[in-house]
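Novice: My structure is below; once you've seen it, I'll send some questions.
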Amino acid sequence: MKSKNWSTIASSAKHFTKRTYTPLAPCSALHTHLTYYPLYKQPHRSFSSSTVSTASPQFELPDRQIHLPLNHHKSLPLFDFFSKSIAKPTPSYIFAHGASGFAKRRHRYTTPDNKQFINKNNENYYSIQIGEDAYFRRSDAIGVADGVGGWTGVSAANAALYSRKLMHHAYMELERFDNIDDPCFYHYDEADPVSILQKSYEESMEEAQQEGIIGSCTACLAILRHEELRIANLGDCGISVIRHNDYIFRSEEQQHSFNFPYQLGTTVEKGDIIIMGSDGLFDNLFDKEILSIVKSQLSTRFLSIEPQKISDALAERAKYVSSCKLNVDSPFQVRAVSEGLYYQGGKADDISVIVAIVNDSPNAQYVLLMVSSAFFCLIALLLSSIIWYFAKSTQAMHFVSITYSVAIQELCRWCFYLLLHRAESGLNTVSANPKSPFNRSIFSFVSGFGYALMSALVGYISLLVESIGPGVMMCPSCPRATLYFISAITTSLFSLMHMVWMMIAFEGFSELPKTKGWLKVLWVIVSHYGASFATTLNSSSVNNGCIYSILISLCIIAISCYIITMSLKSRFRLQH
């Protein structure tokens, strides 16, 4: 129990696992020796900043200072990058998740979108604070930590900050598996929750010592790799898996060895519901009650399961029970009575709840995004064709048709941005990194690819249709080159320009009404007109006009790539 006193405990690791995982990197076998000091009534099981650890558990992440051979750090050639032998495999499943909670002392309901709840001094943390609890969410992992309140009254104690640090560093360790420059990238499938918890614990303790704070917490971490859910549980946080309205998995409170988490594994299927929470949830709600609440939420959702609605309902009910002392039974009350103690009602504590739904990988979302942008491009081209068809007096005036065609395309680009902006939060939720500042750039690139693909198909197919018949059409401004060859180059360049234009336009739209936002939007419009008018040189009498047209397009692409690079660098600096 949390009230038990501990003086000095030395123990070696005893891992009880249902699965055996391969270490991420060759590491020498080390024994673990832990020393604890009786500074306070510390819990039975916890990560503690007053702990001195001389080694890591059985499985270790590669240290940040470890370097692979030089050729692993070189830029990957195109054929190597797509090689199945080294490319990170796409997970078969991902999490769609929601989280809710109540801070005991604040008596205030909190959700992940409540930015005022997060301490402004801790904006760089990738974990969310709920009183002395903390949690993080990713599309491939979730974690929760419960700071121990027994430190109250001890000088320099801050269990809340300690739990938040632990979850933040766990999140950052998982980020390493997405970084191609990190050795962990090549061991994506071998991610081990115990190693990640240990590494994050060591980094949290180092920071705590530098900042002069002490604290401790319990923790639960779950990692999804393909259809396998890997779990590390230390203390009284818990996790359950519900399938077809029944439990298929329920973690138990860690018992077998002090400060060594259980390492568990279970297979999951699409549609499984994963409930993770601090003891504020499981001390106040019985398993049957949790299952009943989940069922009640599912009965009202005909098309899809909303994890946020489920987490809200669980947190609300746990909060109600925790504040009631009469006519309410709770798991905490049952355990207290079994110990011979009189207790009535729920347990007042911080409550953190994470609900994750196992879904398909996000590739389908990217395909949908690409098809949607291609559809908007098709609408723009269709509207331009309709205007051209009815405006017979201006059909031969290319400058007029280019003017309204580009305007319509940019208007459709803006409309598509508005649509994507409304769906951006949902797309972030199912992305590999929900809080990554680069998600919008990825979405805009995929959208630009769809826009470019449709523009290229319509443009070049139209040329081929018009060229049906005997003979070969030569380019008027470059008599030695066929029109098909010049058009192929021009179409390819416009495809690249549409991709970079989409990325710059999305950046500009998101930054409006700032000056830099207007400048980016203005660049897209002006360069689009410039590249489009330059194509008239292909059919002009200007000597080598097709070459000038290609050079103008290449300059526009180069400048656009520079703008995108500067934007990404600026965002990267803000992230770090």
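Novice: Using the Karplus curve 6.51 cos²θ - 1.76 cosθ + 1.60 with θ = phi - 60°, work out ³J(HN,Hα) for each residue of the range 273-283 in order, rounded to whole Hz, and write x for Gly and Pro.
Specialist: Each residue of the range 273-283 in turn: 10, 10, 10, 10, x, 7, 5, x, 7, 7, 7 Hz.
Novice: Between Val526 and Leu383, what is the spin-label point distance in nm, taking each point 7 Å from the Cα along the Cα→C-beta axis?
Specialist: 2.4
Novice: I need the phi-derived Karplus couplings for the range 221-226: 6.51 cos²θ - 1.76 cosθ + 1.60, θ = phi - 60°, integer Hz, Gly and Pro marked x.
Specialist: These are the phi-based 3J(HN,Hα) values: 10, 10, 10, 9, 10, 6 Hz.
Novice: Sort Asp349, Asp279 by accessible area with a 1.4 Å probe, largest first.
Specialist: Solvent-accessible surface, decreasing: Asp349, Asp279.
Novice: Post the alpha-carbon centroid distance, the range 510-576 to the range 174-238, in whole angstrom.
Specialist: 43
Novice: Take the Cβ-Cβ distance between Ser155 and Cys561 as r, set R0 to 41 Å, and report the resulting FRET efficiency rounded to the nearest 0.05.
Specialist: The calculated FRET efficiency here is 0.15.
Novice: Quick one: order His421, His528 from most to least accessible surface, probe 1.4 Å.
Specialist: Highest to lowest solvent-accessible surface, that is His421, His528.
Novice: So who's got an amide H within less than 5 Å of the one on Val328, skipping anything under 5 residues away but keeping other chains? H placed 1.01 Å off N, in plane.
Specialist: Sorted by chain and number, the residues that satisfy this are Gly345.
Novice: Mind giving me the FRET efficiency for Cys415 and Glu339? R0 is 56 Å, r the Cβ-Cβ distance, nearest 0.05 is fine.
Specialist: 0.30
Novice: Tell me the label-point distance for the pair Ile180, Ala407, using the 7 Å Cα-to-Cβ offset, in nm and rounded to one decimal.
Specialist: Taking the two extended label points, one gets 4.2 nm.
Novice: Another one. How long is the gain from His244 to Thr267 if the chain were fully straight, where each residue apart is worth 0.36 nm and the alpha carbon distance is subtracted?
Specialist: Between His244 and Thr267, full extension yields an extra 6.8 nm.
Novice: With every protein chain left in place, what is the accessible area of Leu554 in Å² (1.4 Å probe, nearest 10)?
Specialist: Accessible area, nearest 10 Å²: 80 Å².
Novice: Figure the gain on full extension for Ala423 and Ser393 (residue separation times 0.36 nm, minus the Cα-Cα span) and round it to one decimal in nm.
Specialist: 6.6 nm
Novice: Label points 7 Å out from Cα along the Cβ direction at Glu511 and Ser296: separation in nm?
Specialist: With each label point 7 Å from Cα toward Cβ, the separation is 4.9 nm.
Novice: With a Förster radius of 45 Å, plug the Cβ-Cβ distance of Glu202 and Leu519 into 1/(1 + (r/R0)^6) and report the FRET value to the nearest 0.05.
Specialist: Approximately 0.50, to the nearest 0.05.
Novice: Could you give the length gained by full extension between Ala481 and Leu551, i.e. 0.36 nm per residue of separation minus their alpha carbon distance, to one decimal place?
Specialist: 23.6 nm
Novice: Just to make sure I understand: if all protein chains stay in place, what is the order of Ser492, Ser311, Ser540 by accessible area at 1.4 Å, largest first?
Specialist: Ser492, Ser540, Ser311
The values are calculated or read from the model by the stated rules, or taken from the named source; none is laboratory data. A quick note: this is a predicted structure, and the numbers were derived from the prediction, not measured. So basically every Cβ, Gly included, is an ideal-geometry build from the backbone, and we count neighbours across all protein chains shown. All accessible areas refer to the heavy atoms of the entire protein, side chains included, with ligands and DNA or RNA removed. Shrake-Rupley method; radii C 1.70, N 1.55, O 1.52, S 1.80 Å.
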